[in-house]
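Written out below as structure tokens is the structure these notes cover.
The values are calculated or read from the model by the stated rules, or taken from the named source; none is laboratory data. These numbers come from a predicted model, not from an experiment. No Cβ is skipped: glycine too gets one built from the backbone with ideal geometry, and neighbour counts run over all protein chains shown. These area figures cover heavy atoms from the full protein model, side chains too; ligands, DNA and RNA do not enter into them. Shrake-Rupley method; radii C 1.70, N 1.55, O 1.52, S 1.80 Å.
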Protein chains: 2
Amino acid sequence: MTEREASGSRAGGPVVRVGVLGCGNVGGELVELVDGDAEGIAARSGVRLQIVRVAVRNLAKPRSATLAPARLTHDAHAVATADDVDVVVELIGGIEPARTLIVDALKAGKPVVTANKELVANCGAELYAAAEAAGRELLFEAAVGGAIPLVRALRVSLAGERVRRVTGIVNGTTNYVLSRMSEERIDYGAALREAQSLGYAERDPTADVEGYDASAKAAILASIAFNADVVAGDVYREGIERIEVADIDVAHRLGYEVKLLAVAERAGDSGAVGVRVHPAMVPKGHPLAGVRGPFNAVFVEGDAIGELMLYGRGAGGKPTASAVLGDVLDAARSLASGAAVHFPAREHVEIRAIDELEAQYYLTIDVVDRPGVLAAVAAVFGEHGVSIRSMEQVDLGPEARLVLITHRAREADVQATLAGLRAVDAVERIGQLLRVVGPEA
Amino acid sequence: MTEREASGSRAGGPVVRVGVLGCGNVGGELVELVDGDAEGIAARSGVRLQIVRVAVRNLAKPRSATLAPARLTHDAHAVATADDVDVVVELIGGIEPARTLIVDALKAGKPVVTANKELVANCGAELYAAAEAAGRELLFEAAVGGAIPLVRALRVSLAGERVRRVTGIVNGTTNYVLSRMSEERIDYGAALREAQSLGYAERDPTADVEGYDASAKAAILASIAFNADVVAGDVYREGIERIEVADIDVAHRLGYEVKLLAVAERAGDSGAVGVRVHPAMVPKGHPLAGVRGPFNAVFVEGDAIGELMLYGRGAGGKPTASAVLGDVLDAARSLASGAAVHFPAREHVEIRAIDELEAQYYLTIDVVDRPGVLAAVAAVFGEHGVSIRSMEQVDLGPEARLVLITHRAREADVQATLAGLRAVDAVERIGQLLRVVGPEA
């Protein structure tokens, strides 16, 4: 208390005492940012921060010099509810114990900042309700898009906007892999190994390449863009494992890049929301097409704003810690104001089935190269009411690959077309199905 | 009061009564957004808005059907201080009477939202002080970059970040003109006339093409990025009138685009801040190089975040009204919390003179085409310690144009070199001087 007053008088503002749960990469960087620049942060923001307690799993692990053992503890719950902690930062990740720690911290009257995408994506409504009941902030800028200030943009800046669609490149690993495939024409396996050697991909890359990470982020984007109760399980999901350099070559020839997208959109006027993660063909003139390597970007379309894109580093200890720090300062100011924080209740929305999606489709179909095959294939499209916009044939020796782009069609009709094609004798294999971004040219 | 309570009970939140000063393009769109979607806005934000009074210059002017005469008045000051107005929106523009109206509204305890870049750029410190004294919000997201949520990003999300540099394309008119010159190889005059015919440029385009509009925005960006007292007059300024298609051709050949940039940066460790607006060579791989047409974008570099870009529509009634609406909702929530708002005092900073800038430079020099000229030109660069990185000669008949890019050099030395070159007999004309963005390759 004496120190608080003393520090307060030095900085011209109160000291806000921060408790940090989890001290991995992001936590370590956060401690370094705050310890290393407390004066600068106070000058810029008017808030003097002090990290008073840090809960870690392994007390024996060597830490940076500034992280004196006196601040470290095993007992995360004690930090989350401590009397001498004003703001709690949760950086443990996963569902439990993070969920219980956050709820108990809110109950103890502490604003909470978290970077935990899994938790926010799966238990967001519960956390919101706990924050509303406590009248305290719950901020999670770092849970999607690292340092990109998109959560605050959607929650605050665009609070009055009728958002139509949010389209994001929200997974740096897959964007790095696809960028390398596109730029160097190396195959998926080689690009993935390169990403692993650079630390952009985990040894087990499943969560990234199969789209699970992006799905959690898509759920969060949908829930904040539409103030809706959308969870990770609501998200239609495909990964990038089946993308071949041959697909990217065709994409380039037709004026597209292939990107793994997270899309959250209003489905017409029904009030339903569509949320999906899959690789897609993005026109080269689209701002998302130029997002390369490990960068992330989120493209927002709204009735009044038109088009908006936020771009930056989606991962990494320092950028993520910077986003957490921004939230901590926001929470600190909110706490200092003494006012209760309100969260509008999330609406229950219907989730549009992927079958109801309308888009253009890029398809590759390997067929036996003999007369009459094209007519048989075209007939199947016709039966299901799917209209072909362009088709070209690539010679593969005894076989041929048909590369098609459809006019705008319903996903269910396209899937029925594929089922019909599999029954055609001359069709050897359905290669690829990619949705095409943007209005039909 | 009865209506307030009644409305409040319908929406689940209090009615916030908004007074609007000025009802041009942006004001009209704001009224339409709020009148047309009050229920939707309330559902998304938890705040029910009602525009109760609108001050206009011309009461006789035809307005949209929703803008009933009962809400209209001549008396802006009465609206700014009315008992039945909770939040004041200033959309008159210019210094007076906007300044007095805003200060008086704050004194009357009302949060203020403004889109007035001229006022914020010239009297920002005074407005901040008035807001701090009143403990009320002063928000101006729409003053820079239209619907792009960059003011909030810099003030809130990046509050803890040590920002190094902010580089923006913040004027849609000049970006449209330069984009057309780049894409269509039409000259400056033709591109400007096209911009005028499309409504992207005013009949008198001075404020845009000479960089005055961008300078005001650069001052605002500098003041919020560095919490510094920077005004429009502190900004070094050049416009785009002297850019030729020939320059853009060379830029393309060397891998650059020409863009009018607003740059605000920390000048080394001195604490000084450099703020400048001028056309520049932007490497094609840089995210700003791809910002085309009337779009705006702001690229932020910071110690922890790395690189961040925000992109969107920088002007237009609807996008700007959307940004104003986001601010109104933020101000309304802040007001409802009942807490005083604090603004950290802006620091006085030293403004770095343009002479102290260090950059690479692109130069064109028209010379008489005869032996020994190159040696004479090179000698002048050598005398002033400016090292040439690349030089090529373009044949123009009896004359030749030398196109040079320097290594990193001090602006003062480059200017001294140009003065020296003018004294060389064989030098006919110094054509162009453009600063090159980015670290030296």
*Report the dimensions of the stretch B:78-141 along its three principal axes from the alpha-carbon atoms, largest first, rounded to Å.*
29, 22, 19
*When the label point is put 7 Å from the Cα of A:Ile186 along its Cα-to-beta-carbon vector, which residues of the stretch A:274-304 have a backbone N closer than 14 Å?*
A:293-294
_Test of understanding: what is the full-extension gain from A:Thr100 to A:Asp75, defined as 0.36 nm times their sequence separation minus their Cα-Cα distance?_
7.7 nm
*Lys/Arg +1, Asp/Glu -1 at C-beta; the stretch B:160-312 dipole; positive extreme among B:Gly160, B:Ala251, B:Gly293*: B:Gly160
*Helix-derived mean residue ellipticity, 222 nm - over chain A, DSSP H n ≥ 4, -39500 (n - 2.57), to 500*: -11000 deg cm²/dmol
*Solvent-accessible area buried by A and B, counting both chains, probe 1.4 angstrom, square angstrom*: 3700 Å²
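Taking Rh as the Kirkwood radius computed over C-alpha pairs, what is the Stokes-Einstein D of the stretch A:216-281 at 25 °C in a medium of viscosity 0.890 mPa s, expressed in µm² per second?
Values: Rh = 13.1 Å.
Estimated diffusion coefficient is 188 µm²/s.
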_For a bin width of 10 Å, list the pair-distance distribution of the protein assembly as shown built from all Cα-Cα distances, rounded to whole %._
2, 12, 20, 23, 20, 13, 7, 2, 0
*Determine the residues within the stretch B:219-233 where the difference in accessible area between the chain on its own and the full set of protein chains amounts to at least 20 Å²; count protein heavy atoms only and use a 1.4 Å probe.*
B:Asn227
*Cα pair count fraction exceeding 22 Å, expressed as % - the stretch B:344-441*: 32 percent
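Placing unit charges on C-beta atoms (Lys and Arg positive, Asp and Glu negative, everything else neutral), compute the dipole magnitude of the stretch B:354-436 about its Cα centre in debye, rounded to 20. Provide the component values of the computation, followed by the final result.
Details: 8 positive and 13 negative charges, 25 e Å.
Charge dipole, the stretch B:354-436, about its Cα centre: 120 debye, nearest 20.
First select every other residue whose beta carbon is under 15 angstrom from the beta carbon of B:Val368; then total the charges, Lys and Arg +1, Asp and Glu -1. Could the numbers behind the result be given before it?
Values: positive: B:Arg370, B:Arg401, B:Arg422, B:Arg429; negative: B:Asp366, B:Asp369, B:Asp395, B:Glu399, B:Asp425, B:Glu428.
Here the count lands on -2.
Please report the carbon-and-sulfur percent of the accessible area for the stretch B:160-312; probe 1.4 Å, protein heavy atoms only, DNA, RNA and ligands left out. Can you show the working numbers first?
Working: 2230 of 5050 Å².
Taking all protein chains in place, the stretch B:160-312 shows 44 percent carbon and sulfur surface.
Give the Kirkwood hydrodynamic radius (Å, one decimal) of the stretch A:87-197, defined as one over the mean of 1/r across all pairs of different Cα atoms.
It is 16.1 Å.
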_What distance in nm separates the two pseudo spin-label positions at A:Ala378 and B:Asp395, each 7 Å out from Cα along the beta-carbon direction?_
5.4 nm
*14 Å tail of the calculated P(r), the stretch A:343-386, as % of Cα pairs*: 71 percent
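Evaluate the charge dipole of the stretch A:161-311 about its Cα centre and quote only its size in Debye, nearest 20, assuming +1 on the Cβ of each Lys and Arg and -1 on the Cβ of each Asp and Glu.
Approximately 220 debye in magnitude.
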*So what is the orientation-averaged projected area of chain B, using the convex hull of its C-alpha atoms, in nm²?*
22.7 nm²
*Any idea of the accessible area per residue across the stretch A:161-311, 1.4 Å probe, to the nearest Å²?*
33 Å²
*Along the charge dipole of the protein assembly as shown, which of A:Gly271, B:Ala78, A:Gly46 sits closest to the positive end, that is, farthest toward it, with unit charges on the beta carbon of Lys, Arg, Asp and Glu (+1, +1, -1, -1)?*
B:Ala78
*Given the stretch B:160-312 reduced to its alpha-carbon atoms as identical point scatterers, what log10 I(q)/I(0) does the Debye formula return at q = 0.12, 0.20 Å⁻¹?*
-0.49, -1.22
*Largest first, what is the accessible-area ranking of B:Lys259, A:Lys107 with a 1.4 Å probe?*
A:Lys107, B:Lys259
_Quick check: the distance between the Cα centres of the stretch B:203-241 and the stretch B:61-100, to the nearest angstrom?_
28 Å
*Copy-to-copy label separations for B:Lys284, where each label sits 7 Å from Cα toward Cβ, in nm and ascending*: 1.0
*Could you list, bin by bin from short to long, the percent of Cα-Cα pairs of the stretch B:248-370 in 10 Å steps?*
9, 25, 32, 23, 8, 3, 1, 0
*Past the 24 Å Cα-Cα mark, which pairs from A:Lys284/B:Lys318; A:Lys61/A:Lys107; A:Lys284/A:Lys318; B:Lys217/B:Lys259?*
A:Lys284/B:Lys318; A:Lys61/A:Lys107; A:Lys284/A:Lys318
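If R₀ is 56 angstrom, what is the calculated FRET efficiency for the pair B:His252 and A:Ala125, using the beta carbon separation as r and rounding to 0.05?
Details: r = 52 Å, r/R0 = 0.93.
So, using R0 = 56 Å, E works out to roughly 0.60.
Once you charge only the Cβ atoms, +1 for Lys and Arg and -1 for Asp and Glu, what is the size of the charge dipole of the protein assembly as shown about its Cα centre, to the nearest 20 debye? Intermediate results must be reported in sequence, preceding the final value.
Working: 92 positive and 120 negative charges, 230 e Å.
The calculation lands at about 1100 debye.
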_Inter-probe distance in nm under a simple model that places probes 7 Å from Cα toward Cβ, at A:Leu198 and A:Ala60_ = 3.7 nm
